[in-house]
1. What does the C-alpha gyration tensor say about the overall shape of the stretch 62-164? Classify as rounded when a/c is under 1.5, otherwise prolate if a/b is larger than b/c, or oblate.
2. Give me the percent relative contact order of the chain, please, defined on Cα pairs under 8 angstrom at least 6 residues apart.
3. With both bridge residues required to lie in the stretch 5-122, what share of the DSSP beta bridges run antiparallel, to the nearest 5%?
4. Quickly rank 226-233, 276-283 as a protection proxy: mean count of other C-beta atoms within 10 Å, highest first.
5. How far is it, in nm, from the label point at residue 242 to the one at residue 18 when both lie 7 Å from their Cα along the line to the Cβ?
6. Using only alpha carbon pairs under 8 Å that are at least six residues apart, calculate the relative contact order of the stretch 263-366 and give it in whole percent.
7. Between residue 319 and residue 123, with labels modelled 7 Å along Cα→Cβ, what's the label distance in nm to one decimal, could you check?
8. By DSSP, what percent of the beta bridges with both residues in the chain are antiparallel, rounded to the nearest 5?
């Protein structure tokens, strides 16, 4: 009898994971990940699990003095008996490559999107051209663009790789890993900012770009693209047509081929760092999704609204919540920050802000004016 991925559990995919203490420096974590060729580390603290990925490390300006606790994000925990489809859905919704796995309350390891995709390939689940699931016309850099621009785009868009073009042709890819690893070669006495890596951001992005990129033709099958990505040990493939970049695909895109979609995915909203209390988490999630739905109605070109919650313990009974919100549409992007001790009040503030930008980017008036212009008849008195 053939195996179906729906019948598999998280226990079938568990692999070793990197862990680190929250009090360690970011520079130590970078060194550890470079040695292990990893992408993230997990932090176990106060019966909660957090993660730190290269995306979070991009925010750091001084890797030696910044502690892991400053940038780590709380993530959902999985049990070994959970469905792999449930794990895939959580990773897809939260834009995560992996999640922590527990057995009887003890940390067991992680499950990664790459491991799931590899199993899907073994089960011959990929059919059709990759163009059906790729991100078309991806953001690209030009040869003269600086590392600082690449870093800014990655932080704002929550992406890990950017193709670099020279005379409209692919000339390499810069990744979040390359930018973060460059921090290690920046010694504290090389500038007047006490070890800040900011000066390095003035260099050209091409100086950190990998020329050994993973590339496929836009007409290639999904199966061929996955095999190429697995062989190259990369999370992406740039898709080209006659040498011109047409799209990009990551392991997350392939997860869309699993039966993990539900009604809420029609609203492009996600939250990282949700509180452990399920009632509070549901309250925050429902409020944010309802708010984003209004914005989506006003501008259907909305691609993503993402909230990131970071918690700082003030004392045993008080937690300071710091929330960042990033909103992206095809032709605009906005960001917002709020902090306080009551998440409900913070998300009420975010609701007001989203409604303001909804009015600012409302596309409905133009449509309605066009419609009114075609149907309105002169009044006869």
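1. oblate
2. Over the chain, the number comes to 14 percent.
3. Among the beta bridges of the stretch 5-122, antiparallel pairing accounts for roughly 85 percent.
4. Listed from highest to lowest mean packing, they are 226-233, 276-283.
5. 4.2 nm
6. Normalised by residue count, the contact order of the stretch 263-366 is 27 percent.
7. 3.5 nm
8. 80 percent
Here, each number is a calculation from the coordinates, and none is a lab measurement. As the structure is a computational prediction, the values presented were derived from the model and not from experiment. Every residue, glycine as well, gets a Cβ built from its backbone with ideal geometry; the counts of neighbours run over all protein chains shown.
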